[in-house]
1. Go through region 198-232 and report how many residues are part of a loop (DSSP other than H, G, I, E, B), in contact (Cβ under 8 Å) with a residue 40 or more places away in the chain and either surrounded by 15 or more Cβ atoms within 10 Å (Cβ to Cβ) or not assigned by TED's automatic domain parsing to the domain that holds T149 (or both).
2. Out of T366, T371, T405, report the one residue that is buried (at least 16 other Cβ atoms within 10 Å of the Cβ) and of a type in the set (S, T, N, Q).
3. Please determine, by comparing only the residues of region 154-175 that are among the hydrophobic types (A, V, I, L, M, F, W, C) and closer than 15 Å to M56 by Cβ, which one is surrounded by the fewest Cβ atoms within 10 Å (Cβ to Cβ).
4. The conditions are (1) surrounded by 15 or more Cβ atoms within 10 Å (Cβ to Cβ); (2) touching a residue at least 12 places away in the same chain (Cβ under 8 Å), and Y420 fails exactly one of them. Which is it?
5. Inside region 55-73, can you point out the residues that are surrounded by fewer than 19 Cβ atoms within 10 Å (Cβ to Cβ), part of a helix (DSSP H, G or I) and either within 22 Å of the chain's Cα centre (by Cα) or touching a residue at least 24 places away in the same chain (Cβ under 8 Å) (or both)?
6. So K267 clears everything in (1) over 16 Å from Y321 (Cβ atoms); (2) without any contact (Cβ under 8 Å) to a residue 60 or more places away in the chain; (3) loosely packed, with under 15 Cβ neighbours inside 10 Å; (4) in contact with a strand residue (DSSP E or B) (Cβ under 9 Å, 6 or more places away or on another chain) except one condition, right? Which one?
7. Go over the candidates T19, T30 one by one and state the one that is under 21 Å from A113 (Cα atoms), under 20 Å from the mean Cα position of the chain (by Cα) and either of a type outside the set (S, T, Y) or surrounded by 20 or more Cβ atoms within 10 Å (Cβ to Cβ) (or both).
8. Name the pairs whose Cβ atoms lie under 6 Å apart, with the first residue in region 122-135 and assigned by TED's automatic domain parsing to the domain that holds G256 and free of Cβ contacts under 8 Å to residues at least 12 places away in the same chain, the second of a type outside the set (F, W, Y) and not in a loop (DSSP other than H, G, I, E, B), and 6 or more positions between them or separate chains?
Amino acid sequence: MTDHYDLCVIGAGAAGLVTSGGAAQLGARTLLIEQHLMGGECLWNGCVPSKALLHMGSLAKQRGGMDWTQAKAHVDGAIATIAPHDSPERFRDFGVEVLLARATFNGRDTLEADGRRITARRFVIATGSAPMIPPVPGLTDVPFLTNETIFDLTELPTDLLIMGGGAIGTELAQAFARLGSRVTIVERSRLLANSDEEAAALIRDALRADGVTILEHEEVARVDPGITLHLKSGATLTGTHLLVAAGRAARVEGYGLDRAGVTATKKGIAVDKYLRTSNRHIFAIGDCRDGPRFTHASDQDARAVIANALFPRPLWRKSTYEALPSVVYTDPELAHVGLTEAQARDAHPEIQVHRADLDHNDRAVTEGVTTGFVKLIARGNRLLGATIAGPSAGELLPLARLAMTGKIGLSDIAAQTIAYPTLSDALRLAADAAGQAKLFTPTVRRITQFLQKLP
């Protein structure tokens with residue numbers, strides 16, 4: 001017996017949940033298949049627990065310490081509070097049929113799950129990603145941690161070694177250091193290598209101020225039992241715990257993608273601008289496709305694929321990432337959209353850099369948090385990129401992101417009336433710097449002075 005659906009979604013992380021819930025509420029007969037926990041990596045071992053732990057680290061710094069059980073209870077409580085939003089019961093209320101099983105394609109238009117043969121008008125693969133484990137000799141012989149296991153710890157690590165200085169590595173380094181762990185980061189490049197170098201330097205200084213040891217341009221050559229890292233430079237590190245935070249890899253193995261005619265590489269499932277795979281009846285969205293891996297990118301993909309999978313082509317939507325924001329939630333935060341200054345200089349012969357430092361922002365001064373800046377990269381009135389480093393930087397980013405879409409320009413940001421005193425006024429001041437440079441000139445002064453002589 002074969003069960004047929006309008007839409008079959010594989011994976012109940014952010015991408016799969018938004019897709020299945022939206023499709024069902026639009027009237028499509030929708031099946032959602034999940035082999036593990038609904039809510040995916042973001043809820044159980046990603047965004048939610050890491051930000052909860054960062055919050056407890058901040059409180060620990062303010063209070064002079066905190067017991068690990070208290071910190072973990074807050075993390076678990078945050079997950080428990082949000083989990084019902086992603087539950088099978090809620091999505092069944094939306095009209096989604098939820099099947100907790102492993103899905104495997106056995107043809108271009110057929111899969112099997114829980115002993116059932118399932119066909120669909122359209123399939124959406126949203127299987128997410130997993131921690132990337134680098135091929136370091138001896139690594140798999142020791143009990144290392146990843147983001148999937150570190151939040152299960154029952155005791156605070158005494159000496160935490162972290163392989164990787166990206167967003168996951170820096171965030172967890174700061175959280176655990178503030179909670180009392182001795183933390184060392186080993187990064188093969190520089191800290192936050194894809195970020196604006198000036199902004200990354202602020203994060204580096206903040207981590208070191210919290211007691212984190214940072215070893216950049218270092219590689220782990222070998223790992224020995226007892227959590228001992230031998231670096232290529234000849235140095236040796238020993239810790240009680242090892243966290244591998246070396247990036248993410250698309251989860252594409254074991255789903256029978258080859259039998260479905262779906263092309264996948266180490267980078268993920270290949271898709272076109274409409275998120276179609278090499279099998280035009282199958283879409284891939286979120287972390288499993290080749291592209292940026294953020295929860296909000298998954299959400300963007302899902303909103304596009306609902307239209308593309310259910311409706312005629314004139315209603316299809318592209319999922320593009322030129323204006324995709326990103327935030328590193330350390331203290332201070334680092335928020336970014338578009339090109340960095342270095343990337344813009346490589347791509348364009350003439351750019352303008354407009355900035356506002358937080359030590360000139362009155363709200364930052366009153367709260368004593370003046371380390372940071374807003375940097376806007378532009379060509380004329382067009383914004384090419386924005387980097388914001390400082391407290392609540394991620395909350396300041398949306399207006400810059402809107403400008404990145406081309407819907408508004410720098411002059412529109414500068415013309416905003418923003419409540420005083422707020423941190424967001426720094427964004428306006430940075431944008432206004434371009435207009436002031438053109439306005440306050442000798443020529444304009446002479447014109448103004450002449451006009452004052454008129455009756």
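1. Residues flagged as part of a loop (DSSP other than H, G, I, E, B), in contact (Cβ under 8 Å) with a residue 40 or more places away in the chain and either surrounded by 15 or more Cβ atoms within 10 Å (Cβ to Cβ) or not assigned by TED's automatic domain parsing to the domain that holds T149 (or both) within region 198-232 amount to 2.
2. T371
3. L156
4. Condition not satisfied by Y420: (1).
5. Across region 55-73, the qualifying residues are H55, S58, K61, W68.
6. So K267 meets the others, but not (1).
7. Values: T30 fails: under 20 Å from the mean Cα position of the chain (by Cα).
On inspection, the qualifying residue turns out to be T19.
8. So the pair list comes out empty.
The values are calculated or read from the model by the stated rules, or taken from the named source; none is laboratory data. Computed from a prediction, not measured in an experiment: that's the story for all the values here. In this analysis, Cβ positions are derived from the backbone assuming ideal geometry, glycine residues included, and neighbour counts consider all displayed protein chains.
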